[in-house]
Amino acid sequence: MNLARSPHIIEIAETGQEGSKVELFLWNSGSQPTNPQYTLSKLIPASNKIETYYNISPYVREYFTFTHWQNATGLTYDIDIDVNFIVQYAVKRYKLVSGTYTLIDTITGTFSNGFGYYEDGYNPATPSVLLDEGTYYYNYDSTIPTSQNNGTWGSIDIQISVGDVVRYTDLVTGSSFDFTATTAGTKSFSRIYLTYVANGNKVEWLAGGTLIKWTAYFKPQCEPKYQPVTVDFVNRYGSWSRIFFQKAKTRTIEVKKNEYKLNPDSLPFIPEDTRQKAQFNINGTETIKLNTGWVNDNYGEYLQQMFLSEYVVLCDYENNQDYAAVKVKPSSLKKQVGINDGMMNYTLDFEFAYDMINTVI
């Protein structure tokens, strides 16, 4: 799967060509459209420089739609991901010779709304599992019902083939559960096998059912004092990821307004009935300060992906059971390392991405 937030270059360099053309077909579900959404063409720069290049990523990004993570409890396995998170494409490549375009071939594939780092170069692609290997924490307290944000440990998206195995292993007892894929595609799997929720589990993806290609650990954290806040974001691979902020939280508001001076209605004026200063266009924004609690070294990279994400939402159950769109307010992140920082806790501010007073028509 290709990553739409980084360049994806289509090259045409056929001997004798005077120029080239590409027809770009894009769709989320169903079959390929009959007509292309975009047709792009170029002439060659010079007779000894015949290569022509087309970056199709900006056109693909118009077809993604994100609201928030759809699976409310994270208890499901082998579920097709939302079609709005994936864009399918076909590119017909043409060469121009003597004023006539001739079809060379058709390239097909899929895109997610992820990105590659500069070191990855152009045309980066996702791995088969759309989450980095590492150790992740989730909130768990057996006394809190699932309806109150317990059990919402999140999911893993995997590009899976028939015969692949997703294996869950209890971190305490060593018991395991294997899920064997019977259909291919990009599927969502719970991060936790429900039976192992109290102890946590290791998750492995086994290509062909035998070769371990990816491993991650998911460990429970019980927070008896604070109600954790769930933050979801679209990670570097275009997949929803989840972070629990376990510790203290603080909400603040910032009010913006304009002010003007009034003339008195009559003279002499009575001070208690007449004001000289008035305000208008009053509105405010709210910010919530959150703390992760104690985490490990790999959370620096995990949070970095959240900082670079275009879609971040949070659910603070104590205030509102619905998800709210937010912006990561700080523009810098010190990536902590255990050998330097000891016990690591990240404190971050999130600004709600809307005004407090509704002004939407």
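Among all residues of the stretch 316-339, there is at least one that is surrounded by 12 or more Cβ atoms within 10 Å (Cβ to Cβ), in contact with a Leu (Cβ under 6 Å, 6 or more places away or on another chain) and at pLDDT 90 or above. The number of residues in the stretch 188-234 that are more than 13 Å from GLY134 (Cα to Cα) and in a loop (DSSP other than H, G, I, E, B) comes to 16.
Tell me, please, whether a residue that is within 26 Å of GLY114 (Cβ to Cβ) and without any contact (Cβ under 8 Å) to a residue 60 or more places away in the chain can be found in the stretch 210-230.
Among the residues of the stretch 210-230, at least one is within 26 Å of GLY114 (Cβ to Cβ) and without any contact (Cβ under 8 Å) to a residue 60 or more places away in the chain, which makes the answer yes.
Count of the stretch 74-107 residues, restricted to those that are without any contact (Cβ under 8 Å) to a residue 60 or more places away in the chain and touching a strand residue (DSSP E or B) at 6+ places or on another chain (Cβ under 8 Å), is 4. Here is the figure for the stretch 85-106: residues that are among the aromatic types (Phe, Trp, Tyr) and touching a Leu at 6+ places or on another chain (Cβ under 7 Å) total 2. Selection within the stretch 207-236: residues that are of a type in the set (Phe, Trp, Tyr) and at pLDDT 90 or above. The member of this set that is nearest to the chain's Cα centre (by Cα) is PHE233.
Here GLY16, GLY30 are screened, and the one residue that is assigned by TED's automatic domain parsing to the domain that holds THR106, over 24 Å from ARG236 (Cβ atoms) and in contact (Cβ under 8 Å) with a residue 40 or more places away in the chain is GLY16. The set of residues from the stretch 81-108 being among the aliphatic types (A, V, I, L, M), closer than 21 Å to ALA13 by Cα and buried (at least 21 other Cβ atoms within 10 Å of the Cβ) comprises VAL91, LEU96. Report the residue count in the stretch 237-263 for those that are in a loop (DSSP other than H, G, I, E, B), surrounded by 11 or more Cβ atoms within 10 Å (Cβ to Cβ) and over 17 Å from the mean Cα position of the chain (by Cα). Of the residues in the stretch 237-263, 4 are in a loop (DSSP other than H, G, I, E, B), surrounded by 11 or more Cβ atoms within 10 Å (Cβ to Cβ) and over 17 Å from the mean Cα position of the chain (by Cα). Of all residues in the stretch 62-73, one or more are modelled with pLDDT of 90 or more and crowded, with 18+ Cβ neighbours inside 10 Å. None of LEU131, LEU103 is more than 18 Å from THR65 (Cβ to Cβ), within 17 Å of the chain's Cα centre (by Cα) and either among the aliphatic types (A, V, I, L, M) or assigned to a strand (DSSP E or B) (or both) except LEU131.
Residues are listed down the side, and each one gets a yes or a no for (1) among the aliphatic types (A, V, I, L, M); (2) over 30 Å from SER155 (Cβ atoms):
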| position | (1), (2) |
| --- | --- |
| GLY19 | no, yes |
| LEU24 | yes, yes |
| TRP27 | no, no |
| LEU40 | yes, yes |
| PRO58 | no, no |
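For TYR346, the requirement of being farther than 30 Å from THR359 by Cβ and either modelled with pLDDT of 80 or more or not assigned by TED's automatic domain parsing to the domain that holds VAL231 (or both) is met.
The values are calculated or read from the model by the stated rules, or taken from the named source; none is laboratory data. These numbers were taken from a predicted model, which means no experiment stands behind them. Don't worry about glycine lacking a Cβ; one is built from the backbone with ideal geometry, like all the others, and counts go over all protein chains shown.
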